[in-house]
Amino acid sequence: MRERLRLLYLVDRLDDSGRETLAHLSRVVTRLDRALFDPVVVAIHDIADNFDRLSIPCRLEAAGVSRSGVSWDLLGRARLARLAGGGQFDLACAYDLNARILGLPVARSAGIKVCMGEVRDLGHTLNSDHLIALRKANEVPARFVATSSAAAARLVRQERVRRDRVDVIPSGTDCAGLPDRTPQSVADAKHAFGLSLQERVVFMESPLERMKDPATFLDAAAHLAPLYPHARFVLLIPGSAEDIPYLLNQARQAGVFERLIVVEDQSARARWMQAADVAVLTSMSESCSDTLLSYMAAGLPIVATSVGGNPELIRHGESGYLFDPGEADALAMRVNILLLAEDLASRFGAAARERAATEFSVELEVKRLSDYYRGLVFTSLGSGVEMYA
């Protein structure tokens, strides 16, 4: 067994560097100790030249598997088997749906003895066919890593994985180099956007998807607007913006069109988080939210839905507030408390940042994963290395 372990990461595709899976892989691969690990990322469906090779700093390959009806493309499957079998990999880790259904069984058949699945979602997009296929494929991995206890419980409930085969390693966020949040830094950020200190900023970063529930953000804004005549409600939209006209129509109906600022420029993200007085998350489903972790690292007072893994990140009444999804009046009430009680908001923000730095840093996540990978491989060889749990 080599001291430097070869890791095979399996994903569905590599053609969108903004995908959460790929963003996570980029964070992890960048920080893995290359004296200990040699990572390779293989996509199930892409063709070899259909992605940005700079998005993840390691060797990237693609099998180009297509799917017709219920049969996997045999040529693509054979290509995937060659990629998996030709690398002398010590461990295969699958993300995404088809990477788990097809990728891990192919990796095992290609001779990779240690296989694991990483689950970063709460499965709301899975249908009955997916679940049947996953339950069969789940016989292959030795272990599963879930990013929250909520995701682990979902694996047990929906995919019928035994709980003793699932370990929880939460996502991490990059706290290094973030500026301290001070009254002056907030004032400077607002000034950069042409806002005065009297213009309170309620901020949310969210794709325009039903499960992210931007409508509740707008409804809460309608409750708050009469109380704060100078408030601005800022919605940062990552990814596709084709639904912006529909969002703006919703804002008109809610009576907050003139108070809403829609931001598509991702380069302005850090400054808008500095300018924000309160950060909001209205998602109806989250495992370990990268958005919440970013809010925490930035030292923002937070109001978020009490779904999935959010309560594992936000301590209600200590580092933020939680509310039931879809309850716009409850969201507005909690935002109002934080806008009125600036000392409380400051304490919440400081507590959130401290927790991000000490419990959810990306450095800690990578250390946990590094120990976990080595534990899995060495344990498979009978060395008795204790795995992180």
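For every residue, the table says whether it meets (1) at pLDDT 95 or above; (2) of a type outside the set (Gly, Ala, Ser); (3) surrounded by 20 or more Cβ atoms within 10 Å (Cβ to Cβ).
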position	(1), (2), (3)
204	yes, yes, yes
214	no, yes, yes
222	yes, no, no
230	no, yes, no
242	no, yes, no
250	no, yes, no
254	no, no, yes
257	no, yes, no
Checklist (1) outside any helix (DSSP H, G or I); (2) surrounded by 14 or more Cβ atoms within 10 Å (Cβ to Cβ); (3) more than 19 Å from the chain's Cα centre (by Cα) applied to residue 285, failing item: (3)
Selection from the range 322-342 of residues that are out of contact with any strand residue (DSSP E or B) (no Cβ under 6 Å at 6 or more places or on another chain), modelled with pLDDT of 95 or more and in a helix (DSSP H, G or I): 328, 329, 332, 333, 336, 337, 339, 340
Flag if residue 156 is hydrophobic (A, V, I, L, M, F, W, C), assigned to a loop (DSSP other than H, G, I, E, B) and more than 19 Å from the chain's Cα centre (by Cα): no
Qualifying residue in the range 282-301 (condition: within 16 Å of residue 222 (Cβ to Cβ) and either touching a strand residue (DSSP E or B) at 6+ places or on another chain (Cβ under 7 Å) or at pLDDT below 95 (or both)): yes
Any hit, the range 227-246, residues being under 25 Å from residue 150 (Cβ atoms) and in a loop (DSSP other than H, G, I, E, B): yes
Members of the range 65-114 found to be surrounded by 16 or more Cβ atoms within 10 Å (Cβ to Cβ), part of a helix (DSSP H, G or I) and among the aliphatic types (A, V, I, L, M), listed by number: 80, 81, 83, 84, 97, 99, 101, 102, 104, 106, 107
Residue check, residue 371 surrounded by fewer than 18 Cβ atoms within 10 Å (Cβ to Cβ), of a type in the set (D, E, K, R) and farther than 30 Å from residue 197 by Cβ: yes
Complete set of residues in the range 165-192 that are over 24 Å from the mean Cα position of the chain (by Cα) and either closer than 30 Å to residue 371 by Cβ or surrounded by 13 or more Cβ atoms within 10 Å (Cβ to Cβ) (or both): 185, 186, 187, 188, 189, 190, 192
Inter-residue pairs, beta-carbon under 7 Å, first under 23 Å from residue 148 (Cβ atoms) and in the range 170-185, second among the polar types (S, T, N, Q) and in a loop (DSSP other than H, G, I, E, B), 6+ apart: 170/147; 170/148; 171/147
Subset of the range 1-60 [modelled with pLDDT of 85 or more, part of a loop (DSSP other than H, G, I, E, B) and under 23 Å from residue 291 (Cβ atoms)]: 12, 13, 14, 56
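Taking the range 331-352 on its own, how many of its residues are β-branched (Val, Ile, Thr) and touching a residue at least 60 places away in the same chain (Cβ under 8 Å)?
Initially, the range 331-352 is screened for residues β-branched (Val, Ile, Thr), giving 335, 337.
Next, from what is left, pick out any that are touching a residue at least 60 places away in the same chain (Cβ under 8 Å): 335.
So the count comes out to 1.
The values are calculated or read from the model by the stated rules, or taken from the named source; none is laboratory data. All of these numbers come straight from a predicted model, not from anything done at the bench. FYI the Cβ positions are ideal-geometry reconstructions off the backbone, even for glycines, and counts take in every protein chain you see.
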